[in-house]
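Take a look at the structure below.
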Amino acid sequence: MTAAHANESRPRRPEMTYAFWGAVALAVLLLVGTLVSAIRNSPVSLADPENTAQVALGRAVYATHCAACHGVRLEGQPSWRDRLANGRMPAPPHDATGHTWHHPDGVLFGIAKEGLVPGKYAPRGYQSDMPAFGGALRDEEIWAVLAYIKSTWPARELAHQREVDRQSRTRR
Ligand code: HEC
């Protein structure tokens, strides 16, 4: 290498390197942020009434774990609007005559997994006979039950719940 060549290769300026890697880090952060918010606001529900495999699993889970209280045909307990002698509420229907379809997916999933947690899904001090299934069922099984329940709703209730669910996602 001649002396002339050595003079041509300019030393790298460290501040340029910092700026470069800073820009790379920023770009990665922006990309991750965009992806996370895209997934969170995704209109796609994890409980899909048109997914026949998921609905079939959900039907079996429902029969084993939910039907005893919510009814074999999702009709709920008799006189489900009237308080029981113990002061608690009977199990409501999950069909179109109940109010399951008034709630977004996240709330239904939470109630099924954790029960009607007072201060979260119910008023403070609320007592309920709805069990928490977090120990007995995997998350996929809970989503499957919800898919099955949805698959029984007429178009109007299905569309209403989809809209309620969509709004709950974009509000976060
Ligand atoms: C031991 C009886 C019992 C079983 C079994 C049971 N539930 Fe419930 N569930 C209830 C009762 C009672 C309520 C109403 C509680 C209240 O209002 O205090 C309820 C309420 C709910 C609600 C809230 C509905 C609404 O519109 O607010 C959901 C969702 C629900 N149950 C899902 C399920 C699912 C899914 C299963 C099966 C995995 C299941 N439950 C099994 C008794 C039961």
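The values are calculated or read from the model by the stated rules, or taken from the named source; none is laboratory data. The structure displayed is predicted, hence computed values, not measured ones. Neighbour counts are summed over all protein chains in view; Cβ atoms, including those assigned to glycine, are modelled from backbone coordinates with ideal geometry.
Just one of Val72, Val28, Val32 is within 16 Å of the ligand (Cβ to nearest atom), surrounded by fewer than 12 Cβ atoms within 10 Å (Cβ to Cβ) and more than 23 Å from Arg162 (Cβ to Cβ); which is it?
Details: Val28 fails: within 16 Å of the ligand (Cβ to nearest atom); Val32 fails: within 16 Å of the ligand (Cβ to nearest atom).
Testing whether each residue is within 16 Å of the ligand (Cβ to nearest atom), surrounded by fewer than 12 Cβ atoms within 10 Å (Cβ to Cβ) and more than 23 Å from Arg162 (Cβ to Cβ) leaves just Val72.
With the checklist (1) hydrophobic (A, V, I, L, M, F, W, C); (2) touching a Leu at 6+ places or on another chain (Cβ under 9 Å); (3) surrounded by fewer than 16 Cβ atoms within 10 Å (Cβ to Cβ) in hand, flag the one item Ala60 doesn't pass.
The failed condition is (2).
Answer yes if at least one residue in the stretch 133-151 is modelled with pLDDT of 95 or more, more than 12 Å from the chain's Cα centre (by Cα) and among the hydroxyl-bearing types (Ser, Thr, Tyr), and no otherwise.
yes
Can you find even one residue in the stretch 115-129 that is within 12 Å of the ligand (Cβ to nearest atom), more than 16 Å from Ser45 (Cα to Cα), aromatic (Phe, Trp, Tyr) and under 15 Å from the mean Cα position of the chain (by Cα)?
So far as the stretch 115-129 goes, yes, one or more of its residues are within 12 Å of the ligand (Cβ to nearest atom), more than 16 Å from Ser45 (Cα to Cα), aromatic (Phe, Trp, Tyr) and under 15 Å from the mean Cα position of the chain (by Cα).
Helices (runs of 4 or more DSSP H) wholly in the stretch 65-172 with at least 2 residues that are touching a residue at least 40 places away in the same chain (Cβ under 8 Å) and of a type outside the set (Asp, Glu) - which ones?
Output list reads 105-114, 139-151, 155-171.
Within the stretch 94-112, count every residue that is over 11 Å from the mean Cα position of the chain (by Cα), of a type outside the set (Val, Ile, Thr) and near the ligand (Cβ under 9 Å from one of its atoms).
7
Only one of (1) near the ligand (Cβ under 9 Å from one of its atoms); (2) in contact with a helix residue (DSSP H, G or I) (Cβ under 7 Å, 6 or more places away or on another chain) is not met by Ser151, so which one is it?
For Ser151, the failing item is (1).
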